[in-house]
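Trainee: Here it is, the structure in full.
A short reminder: the numbers here are calculations on the coordinates, not readings from a lab. These figures come from a predicted structure and were not determined experimentally. Counting neighbours? That spans all protein chains shown, and the Cβs are built from the backbone with ideal geometry, glycine included.
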Amino acid sequence: MVSLRLAPTLPVIFLLMTVEASEAEWSVKYKQRKMCALKGSTVFMNGSYTHPDDLTVNKTFWIIDPIDGVEKPDLSKESDYSGRVEYFTDEQKHFSLKLSKVEKKDEHQYYFRIITNDDKERWLGTPGVPLTVTELRVETPGAVTEGGAAVLKCVTTCSLTAPTFIWYKNGRPLTTKTTINIQLHLQPVGSEDAGSYSCAVNGYQHLPSPNQTLTVRYPPKSVSVSNSSSGEIVEGSSVTLTCSSDGHPPVENYTWFIEGGVSPVGSGHSYSPLQSGSYYCEARNEHGAQRSAPLPVLNGDSTGNIQFHL
């Protein structure tokens, strides 16, 4: 008897491969979440978008402050933006809005709008980009005393993107003072630091802040005595001495002394000496005092008229 052994049946395995075609969906992504712009400058709002593959984009543009149920006009068609708006797009679906000569009234929420070949398929890129417009303003301590310290600040109402500030004094750039971010540090303060200060953003030097005055208070300086006469003093003429000085606030008190004396011989801006000698004045304000060099005055004749020793 012959037995037959059948070989086992090998299972046939079918590998089913399913390829799912990926379809793009609607999306708009902005590079900036919000923007701060210097008044008068140019700003760019950038981003990218996608749309379903079965749709054809017919038009893209920007609008401001959308209202439900209302089709807002293309920003470039509005009179307030005429000549100041440019749009840029490329094949990779990147987009950009260029807004020139930014004004305070441009503070709005800006949205990218997409129109396709299907009237029912239109897209508005939310949440949009809010724009805040700022001007520069200098804050000073107002008045400081010589020898102290002063910090000046270049202030904005919103945060500009990585600005570099340039400082000016009396219209000229400052290059020798210490600047830290938005601040200008003056230490120690000297009388020469008094003046008008302004700031600007590097690249926008044509858009500086208004000038702000820094006042420096200091005691009298450069005190000197002069005579009222020009040329030679003749017999019988009178002499008036005048005290001059530089100080801030202005000198409040002038006191006259004769060299070698202890007590004052007079007061006031001017003084007429009654005897020969070397005269000097002391000028004083709330921050201190300084004396002039002595000026010799000699008895001119037997009648006691005074004249200067030239």
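Trainee: Give me a comma-separated list of calculated 3J(HN,Hα) values for the stretch 29-41, in order, Karplus coefficients 6.51, -1.76, 1.60 applied at θ = phi - 60°, integers in Hz, x for any Gly or Pro.
Mentor: 10, 8, 6, 10, 7, 7, 9, 10, 10, 7, 4, x, 8
Trainee: Along Cα→Cβ, 7 Å out, is where each label goes; now give me the distance between the ones at Thr56 and Trp26 in nm to one decimal.
Mentor: Simple spin-label model gives 2.0 nm for this pair.
Trainee: Given H placed on each backbone N at 1.01 Å, which residues far from Val239 in sequence or on other chains put an amide H within less than 5 Å of it?
Mentor: Residues meeting the criterion, in which the H sits 1.01 Å from N, are Ile306.
Trainee: For the stretch 57-176, what is the relative contact order in percent, using Cα pairs closer than 8 Å and at least 6 residues apart in sequence?
Mentor: 19 percent
Trainee: With an 8 Å cut-off on Cα pairs and a minimum separation of 6 or more residues, tell me the relative contact order of the stretch 126-240 in percent.
Mentor: 28 percent
Trainee: Considering only Cα-Cα distances, which of the following residue pairs are longer than 29 Å: Lys72/Lys93; Lys29/Lys72; Lys98/Lys177; Lys101/Lys177?
Mentor: Lys98/Lys177; Lys101/Lys177
Trainee: Also, quick follow-up: Given a Förster distance of 30 angstrom, what is the FRET efficiency for Ser238 paired with Val262, based on the Cβ-Cβ distance and rounded to 0.05?
Mentor: Approximately 0.70, to the nearest 0.05.
Trainee: Further question on the same structure: Would you kindly state how much longer the chain becomes between Asn211 and Lys105 on full extension, computed as 0.36 nm times their sequence separation minus their alpha carbon distance, in nm to one decimal?
Mentor: Here the answer is 35.8 nm.
Trainee: Still on this structure: Kindly state, to the nearest 0.05, the FRET efficiency for Ser224 paired with His185, given R0 = 30 Å and r defined as their beta-carbon distance.
Mentor: E(calc), rounded to 0.05, equals 0.30.
Trainee: Once the other residues with Cβ under 15 Å from the Cβ of Ala289 are scored (Lys, Arg +1; Asp, Glu -1), what is the net sum?
Mentor: Charge balance in the 15 Å sphere: -1.
Trainee: Something else now. From Cα pairs below 8 angstrom and at least 6 apart in sequence, can you work out the relative contact order of the chain, rounded to a whole percent?
Mentor: Rounded, it is 12 percent for the chain.
Trainee: First select every other residue whose beta carbon is under 13 angstrom from the beta carbon of Thr132; then total the charges, Lys and Arg +1, Asp and Glu -1.
Mentor: Here the charged neighbours net out to +1.
Trainee: Distance in nm between label sites at Lys153 and Glu86, each 7 Å beyond Cα in the beta-carbon direction?
Mentor: About 3.7 nm separates the two model spin labels.
Trainee: What is the sum of charges, Lys and Arg at +1 and Asp and Glu at -1, for the other residues whose Cβ falls under 9 Å from the Cβ of Gly47?
Mentor: Computed value for this residue: +2.
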